[in-house]
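Q: Before anything else, here's the structure in question.
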Amino acid sequence: MSMMRRMTIDITGIGNAIVDVLVNVKDDFLVENDLTKGAMMLIDEARAAELYGKMPSGIECSGGSAGNTMAGVASFGGKGAYIGKVAEDQLGEVFAHDIRSIGVDFQTKPASGGPSTARCLIAVTPDAQRTMSTYLGACVELGPDDIDEALIKNSKVTYLEGYLWDKPTAKEAFLKAAKVAHDAGQKVSLTLSDSFCVDRHRASFQELVAHHVDILFANESEIISLYQASSFEDAKAAVAKRCEIAVLTRSEQGALILSDGDEVAVPAEPTELVDTTGAGDLYAAGFLHGLTSGKSVAECGRLGAIAAAEIISHFGARPSVSLKELAAKKMD
């Protein structure tokens, strides 16, 4: 057990450990390769190899939604840890080295034999839309045995990525982590990940939110999908009764935070839009960093907005400046 484990961890993220491959493409690349703009498609290993072969060169780094959030937490100066499954292969080593190098505690044992490390091929078009083709590989092999109970007990917030809900063993891992956290008096947070994910698991997600989640992150389309609401207003009313804090992000319209019967509207930070990859992940990083540092809900929302604005102003889903320093400048 490392020294870090004996200290309190602010946030532990649990998610799909994926290596992101980011490339700039023109719209015709999407058409030629039968890709739906703005969507996240799951692909098999053969398709991953084929698409990867056609892509221009780009950036490769540790990714996955919760991984990006933990990178944001580290950039704010928070103490973060991550639980996710990679394989014993080159991309697995890229993931582990990369996430540790930014200051996130990562100890999950890699899988030997079986599928290779997951990768997400992200095609960014000139309008800053991201189109993702994801080969999940080893990351969905995560199971209850990978949940480090001592770590979860010592974490103020355990943050769960909705994408993990696709596999039964990962689902078990999720529920185990939530139980361990709550038994230790800690908080559980969930991001809904994307509206397709919500469509696949609506009933069990509703159950999860109502019974296991304290802090929920969702964008407008995800929250409407979750409650099959006819409008954002109806969805907002539905979720308000079901968890302690609901953070509903609305792109350039900012975010609405529902907490203790109150609504706090937080405007988006002005920025130049280059690439929307990671905006929601980084919003969660800022918000949870604020929350675990004892900030007000409004201040948490502002930190989220600052982090999201930084991430969309450049290519890639990892901060290019210290979010701690950026927040200090902007929050004066």
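Read-outs: derived from the displayed coordinates by stated rules, not from any lab. Not measured: the values here are computed from a predicted model. Quick reminder, even Gly has a Cβ in these numbers, built from the backbone with ideal geometry, and neighbours come from all protein chains shown.
Q: Could you compute the net charge surrounding residue 229? Neighbours are other residues with a C-beta less than 14 Å from the C-beta of residue 229; K and R count +1, D and E count -1.
A: -1
Q: Given that compact globular proteins tend to follow 2.2 N^0.38 Å, what is the ratio of the alpha-carbon Rg of the range 247-332 to that value?
A: With N residues counted in the range 247-332, Rg over 2.2 N^0.38 Å equals 1.00.
Q: Name the residue from 73, 117, 224 whose Cα lies farthest towards the positive end of the charge dipole of the chain, charges +1 on Cβ of Lys and Arg and -1 on Cβ of Asp and Glu.
A: Going by the Cα projections, it comes out as 73.
Q: What residues have an amide H closer than 5 Å to that of residue 83, excluding those fewer than 5 places away on the same chain, when H is modeled at 1.01 Å from N in the peptide plane?
A: Excluding prolines and chain starts, which carry no amide H, the hits are 13, 14, 15.
Q: Can you give the net charge of the other residues whose Cβ lies under 15 Å from the Cβ of residue 48, counting K and R as +1 and D and E as -1? Please report the intermediate quantities before stating the final value.
A: Values: positive: 47, 54, 119; negative: 20, 34, 44, 45, 50, 60, 89.
With Lys, Arg at +1 and Asp, Glu at -1, the net is -4.
Q: Right, something else. Give, rounded to the nearest 20 debye, the magnitude of the charge dipole that the range 46-105 has about its Cα centre when Lys and Arg contribute +1 at Cβ and Asp and Glu contribute -1 at Cβ.
A: Around 200 debye, computed over the range 46-105.
Q: Report, in debye and to the nearest 20, how large the dipole of the chain comes out about its Cα centre when Lys and Arg carry +1 and Asp and Glu carry -1 on their Cβ.
A: 800 debye
Q: With N set to the residue count of the range 187-332, report its C-alpha Rg divided by 2.2 N^0.38 Å to two decimal places.
A: 1.01
Q: OK, next. First check a/c for the range 61-207, with a ≥ b ≥ c the square roots of the eigenvalues of its C-alpha gyration tensor; if it is under 1.5, answer rounded, and if not, answer prolate when a/b is larger than b/c or oblate otherwise.
A: rounded
Q: Compute the semi-axes of the equivalent ellipsoid of the range 168-261, taking the square root of 5 times each eigenvalue of the Cα gyration tensor, and list them largest first in whole Å.
A: 22, 16, 11
Q: Also, I was wondering about something else. Using only alpha-carbon positions, what ratio does the radius of gyration of the chain give when scaled by 2.2 N^0.38 Å? Spell out each step's value before the answer.
A: On the way: Rg = 18.3 Å, N = 332, 2.2 N^0.38 = 20.0 Å.
Ratio of Rg to 2.2 N^0.38 Å for the chain: 0.92.
Q: Would you list the membrane-span-like helices of the chain, meaning whole DSSP H runs whose alpha-carbon atoms span at least 18 Å along their axis and whose mean Kyte-Doolittle value is at least 1.0?
A: Length and hydropathy pass: 297-312.
Q: Taking only DSSP H segments of four or more residues, each worth -39500 (n - 2.57), what value at 222 nm results for the chain once the sum is divided by all its residues, to the nearest 500 deg cm²/dmol? Please list the in-between numbers first.
A: Values: 14 runs with 135 residues, N = 332.
So the helix-based figure for the chain works out to -12000 deg cm²/dmol.
Q: To the nearest 20 Debye, how big is the dipole of the range 262-332 about its Cα centre, given +1 on the beta carbon of each Lys and Arg and -1 on that of each Asp and Glu?
A: 220 debye
Q: If you don't mind, another one. Rounded to the nearest 0.05, what FRET efficiency do residue 228 and residue 272 have when you use their Cβ-Cβ distance and R0 = 45 Å?
A: 0.80
Q: May I ask you to compute the full-extension gain from residue 31 to residue 97, defined as 0.36 nm times their residue separation minus their alpha-carbon distance, rounded to one decimal in nm?
A: 20.2 nm
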